[in-house]
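Beneath this line is the structure, given in structure tokens, with notes to follow.
Each reported figure results from applying straightforward, stated rules to the coordinates on display, with no laboratory input. Here the structure is a predicted model, which means the values were calculated and not measured. Every residue, glycine among them, receives a Cβ derived from its backbone with ideal geometry; neighbour counts consider all protein chains shown.
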Amino acid sequence: MSDDADVIVVGAGLAGLVATYELTRAGRRVLVVDQENEANLGGQAFWSLGGLFFVNSPEQRRAGIKDSYDLALADWLGSAGFDREREDHWPRQWAQAYVSFAAGEKRAYLRGLGLRLTPMVGWAERGGGSASGHGNSVPRFHLTWGTGPEVVRVFLEPVMAAAARGLVTFKHRHQVDELIVEGGAAVGVRGTVLAPSAEPRGVASSREAAGEFALRAQAVVVTSGGIGGNQRLVRENWPVDRIGPAPQSMISGVPAHVDGRMLGITESAGGSIVNRDRMWHYTEGIKNWDPVWPDHAIRIIPGPSSLWLDATGKRLPAPLFPGHDTLATLRHIVGTGYDHSWFILTRAIVEKEFALSGSEQNPDITGKDIKLVLSRVKKGAPGPVQAFLDRGEDFVVRRTLAELVDGMNAITPGPKLDLAQVEREVVARDRETGNPYSKDLQMMSVGNARAYRPDKLMRVAKPHRLLDPAQGPLIAVRLHLLTRKTLGGLETTLDSQVVRPDGAVFDGLYAAGEVAGFGGGGVHGYNALEGTFLGGCVFSGRAAGRALARRLA
């Protein structure tokens, strides 16, 4: 056994890097153990769009947004819907602490590491139509200049510098199978050395065993991620009572290594898992024409104008509009008995309103290319969107509605669509575009969005008829359900220390990031406000690293 480290960090994703960074700042020696190879440093965060939730930021104020801690906390609690006395004890405290962080120290902390933001603040999860319920009252989605890879970089570089000084040792291709617990305290990990892998980032790797290992330290931090890449676990934990039966067909928004193994391993060692039925999956998934991992999904991040139809051609009811209420929309789609739905839109809408999740789908912002970013305001779809229009199996582009429905029927996995039904929905929607006001709640939402100047300039198309030939051609997109985030997880105190089922702290054991429900075992409650996942990794990893630095002083 090796005992030449103060702390073992299990998982080399963002939360693990943040915890390691904080530990090395205090001079602690860290072993970072990960089942993947070096190419996967940063984990899921590398693939992200890099959105971050800030409150009352300079970027918001410059855009004329009036935000505050009180408003953000009201939005968070209204969305979270905490209703479990035992399981929501720590998540409630984490929620208050995280919103305070987002309204205060978070921006300076990240800026001090060299992270910069784009000036455009996005308006994600606009809500379910109630002032006291789910949703962001104002835009809060701040896009990182450099997207997910940049969020990873600002922590990875100082960690690698610490490794050069001998403070950090990486153990790649080391799969943890067991926590070593002695006298009620976590003192190490034991597991399987996997065969070497040269696979590129995100590609599923071999689980061939090449040996065994055991490592010891004064404490262990679990930062291994959630269950989104393991559809078996997703289905086992699916909230049937709230959303309905688990879908038969889903595509994966995260790599295969996001397998949830450490949740079961930590629970077997005595850690408490709470809120395991809370999860965050998207409804606007499309199959990647150039996949990296199995069933690789890309999420469309839509503006509010597309007409959303279910598998039978019926319009989704208000307020289930694009970009408004993810889980309510998921529940409705599952309730139709089918696992897909449709967007109908025009070329004008796709050019202005379609963004794709993922760092690799946004090369201009990821590559910090100002000239390429400015090209977004020009006519034409962004390059990655155009690639899906040209090559994506879920996209249908036609000149007339009849031709469009024929194309949709050629790829539908469910019932054939009736042209007359689809036409009724399109014509009814088009009638509401003739005036600057409307009885249609979706058109009201479009008007509300365009009252926010950045949305009007960059994100929301001018209202027009879908059947206006000047705005064409018509486009239909087949939308799949895609797995993404685990909202429950290991129960932790505000120091990220794991809690046992009886409420006592687990000596020597800490958890951060998605494996801890991004803090406390479920800081988001039932709903996320978006831009909160990377920030949750940062906040909880920081808490773990700082708490251990104090404890081991």
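For the stretch 232-341, the relative contact order comes to 31 percent (Cα pairs under 8 Å, sequence separation of at least 6).
Give me the net charge of ALA26's neighbourhood, meaning all other residues with Cβ under 11 Å from the Cβ of ALA26; Lys, Arg count +1, Asp, Glu -1. Net of charged neighbours comes to +4.
3J(HN,Hα) along the stretch 291-308: x, 9, 10, x, 6, 4, 9, 10, 9, 6, 9, x, x, x, 9, 5, 7, 9 Hz, from the Karplus curve 6.51 cos²θ - 1.76 cosθ + 1.60 with θ = phi - 60°, whole Hz, x for Gly and Pro. Summing +1 for each Lys or Arg and -1 for each Asp or Glu among the other residues whose beta-carbon sits under 12 angstrom from that of ALA204 gives -2. Checking the cross-link filter: which lysines have an alpha carbon closer than 27 Å to that of LYS379, excluding same-chain neighbours under 8 positions apart? The reachable lysines, counting only those whose Cα sits under 27 Å from LYS379, are LYS287, LYS352, LYS368, LYS371, LYS456, LYS462. Relative to the longest principal axis of the Cα atoms of the chain, helix 14-25 runs at roughly 40 degrees. Taking amide hydrogens as placed 1.01 Å from N in the peptide plane, the amide H of GLY519 sits under 5 Å from those of GLY513, each at least 5 positions away in sequence or on another chain. Calculated mean residue ellipticity, 222 nm, the chain: -9500 deg cm²/dmol, from DSSP H runs (n ≥ 4) at -39500 (n - 2.57) each, averaged per residue and rounded to 500. Comparing THR147, ALA45, ALA63 along the charge dipole axis of the stretch 37-185, the residue lying farthest to the positive side is ALA63, per the Cβ-charge model. Ordering 284-290, 448-454 by mean Cβ neighbour count within 10 Å, with the highest value first, yields 284-290, 448-454.
Taking the centroid of alpha carbons for each part, the stretch 58-81 and the stretch 85-138 are 8 Å apart.
Relative to the longest principal axis of the Cα atoms of the chain, helix 326-335 runs at roughly 70 degrees.
The phi torsions of the stretch 139-149, fed into the Karplus equation with coefficients 6.51, -1.76 and 1.60 and a -60° offset, translate into couplings of x, 9, 8, 9, 8, 5, 6, x, 6, x, x Hz, rounded to whole numbers, with Gly and Pro shown as x.
Kindly identify the stretch 259-371 as rounded, prolate or oblate by the Cα gyration tensor criterion: order the square roots of the eigenvalues as a ≥ b ≥ c, call it rounded if a/c is under 1.5, otherwise compare a/b with b/c, prolate if a/b is larger, else oblate. Since a/c reaches 1.5 but b/c is at least a/b, the shape of the stretch 259-371 is classed as oblate.
Proximity of backbone amide H atoms, modeled 1.01 Å from N, is registered between GLY358 and LEU49 at under 5 Å, excluding neighbours fewer than 5 places apart on the same chain.
For the peptides 474-480, 83-89, residues were scored by their other Cβ atoms within 10 Å and the scores averaged per peptide; the highest-first order is 474-480, 83-89. In percent, rounded to a whole number, the relative contact order of the stretch 1-160 is 30, using alpha-carbon pairs under 8 Å and six or more apart.
Distance from the Cα centroid of the stretch 169-190 to that of the stretch 349-395 is 43 Å (rounded to whole angstrom). Remark: the chain carries a charge dipole of roughly 1720 debye about the Cα centre, counting +1 on each Lys and Arg Cβ and -1 on each Asp and Glu Cβ. Here the relative contact order of the chain, from alpha carbon pairs under 8 Å that lie six or more residues apart, stands at 23 percent. Annotation: peptides 370-376, 49-55, 259-265, ranked by per-residue average of other Cβ atoms within 10 Å with the highest first, follow the order 49-55, 259-265, 370-376. Electrostatic bookkeeping for GLU178 treats Lys and Arg as +1 and Asp and Glu as -1; over the other residues with beta carbon under 14 Å from its beta carbon, the sum is -1. Computed from phi, the 3J(HN,Hα) profile of the stretch 62-78 under the Karplus parametrisation 6.51, -1.76, 1.60 (θ = phi - 60°) reads 5, 8, x, 8, 9, 10, 7, 4, 5, 5, 5, 5, 4, 4, 4, 5, x Hz, with x in place of Gly and Pro.
With Rg and Dmax of the Cα atoms in Å defined as stated, name the option among (i) 23.3, 74; (ii) 26.8, 92; (iii) 28.1, 88 computed from the structure displayed. Checked against the structure: label (i).
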